[in-house]
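The values are calculated or read from the model by the stated rules, or taken from the named source; none is laboratory data. Not measured: the values here are computed from a predicted model. Heads up, the Cβs are rebuilt from the backbone with ideal geometry, glycines too, and the neighbour counts pull from every protein chain shown.
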Amino acid sequence: MLKKSLLQRAALLALLSSSALAHAAEALSIDVYRDPNCGCCKEWIKHMSENGFTVHDHVEPNMSAVKERLGVAPRLASCHTGVINGKFVEGHVPAEQVKTLLGRSDLRGLAVPGMPMGSPGMEMGDHKEKYEVIGLTQAGKDEVVAQYPGH
Ligand SMILES: [Cu+2]
């Protein structure tokens, strides 16, 4: 009798944790819009996939229209634009920062403006430029969310 209820409990726990996992996977799904000829965009998509994101890849001939629609300020613009939970992810933002964005209701999105060398998807051997991850607040202000040193 005791054995049986332990087994049932284990089965219940397994069920609970698998639904929690399914939830996490759902939360980590991201849409990415990119130009058909963008190589570094594909490298960034690879970086996101390797870090637990399910990426829905959209080839988009008119990226400036996408950025405008999603509220990416021109000063923050880069190559590809991602969308997760209604927030934008502009350019080569590290996956670890995208995860923190999910808990930031005060931000409209995150950006790594331009295409700094050494950011995820922009690897050039050992060469790393220093860069910042910028958050765009609901009020439309830039906020430095993270800094990555160069060397
Ligand atoms: Cu790029």
**Report entry** Long-range neighbours under 9 Å by Cβ, at least six apart or interchain, first residue farther than 13 Å from Asn62 by Cβ within the stretch 29-41, second near the ligand (Cβ under 10 Å from one of its atoms) and of a type in the set (Lys, Arg)
**Finding:** Cys41/Arg34
Query - Residue pairs meeting the criteria (Cβ under 8 Å; at least 6 apart or on separate chains; first within 20 Å of Ala95 (Cα to Cα) and free of Cβ contacts under 8 Å to residues at least 60 places away in the same chain, in the stretch 48-69; second of a type in the set (Ser, Thr, Tyr) and part of a helix (DSSP H, G or I)) - result: Val55/Ser49
Report task. Answer with yes or no whether Arg34 is among the charged types (D, E, K, R), farther than 13 Å from Pro120 by Cβ, surrounded by 10 or more Cβ atoms within 10 Å (Cβ to Cβ) and modelled with pLDDT under 95. Result -> no
Report task. Could you list, in sequence order, all residues of the stretch 82-115 that are more than 20 Å from Gln147 (Cβ to Cβ), aliphatic (A, V, I, L, M) and modelled with pLDDT of 95 or more? Result -> Val83, Ile84
Query raised in the report: Only one of (1) surrounded by 16 or more Cβ atoms within 10 Å (Cβ to Cβ); (2) more than 19 Å from Glu60 (Cβ to Cβ); (3) not acidic (Asp, Glu) is not met by Lys87, so which one is it?
Result: (2)
Report summary line: Checked against (1) assigned to a helix (DSSP H, G or I); (2) buried (at least 19 other Cβ atoms within 10 Å of the Cβ); (3) β-branched (Val, Ile, Thr), Val72 satisfies every condition except (1)
Report summary line: Over the stretch 63-75, the set of residues within 16 Å of the ligand (Cβ to nearest atom) and either under 18 Å from Asn51 (Cβ atoms) or of a type in the set (A, V, I, L, M, F, W, C) (or both) is Met63, Val66, Val72
Query - Matching residues, the stretch 76-103, being hydroxyl-bearing (Ser, Thr, Tyr) and within 16 Å of the ligand (Cβ to nearest atom) - result: Ser78, Thr81
Query raised in the report: Restricting the stretch 116-151 to residues that are modelled with pLDDT under 95 and in a strand (DSSP E or B), which is farthest from Val83 (Cα to Cα)?
Result: His127
Report task. Considering only the stretch 132-146, state which residues are exposed (fewer than 11 other Cβ atoms within 10 Å of the Cβ) and of a type in the set (S, T, N, Q). Result -> Gln138
Query raised in the report: Taking the stated definitions as given, is Val55 surrounded by 15 or more Cβ atoms within 10 Å (Cβ to Cβ), at pLDDT 95 or above, among the β-branched types (Val, Ile, Thr) and closer than 24 Å to Ala139 by Cα?
Result: no
Query raised in the report: Restricting to the stretch 105-131, what's the tally of residues that are surrounded by fewer than 16 Cβ atoms within 10 Å (Cβ to Cβ), at negative phi and more than 16 Å from the ligand (Cβ to nearest atom)?
Result: 4
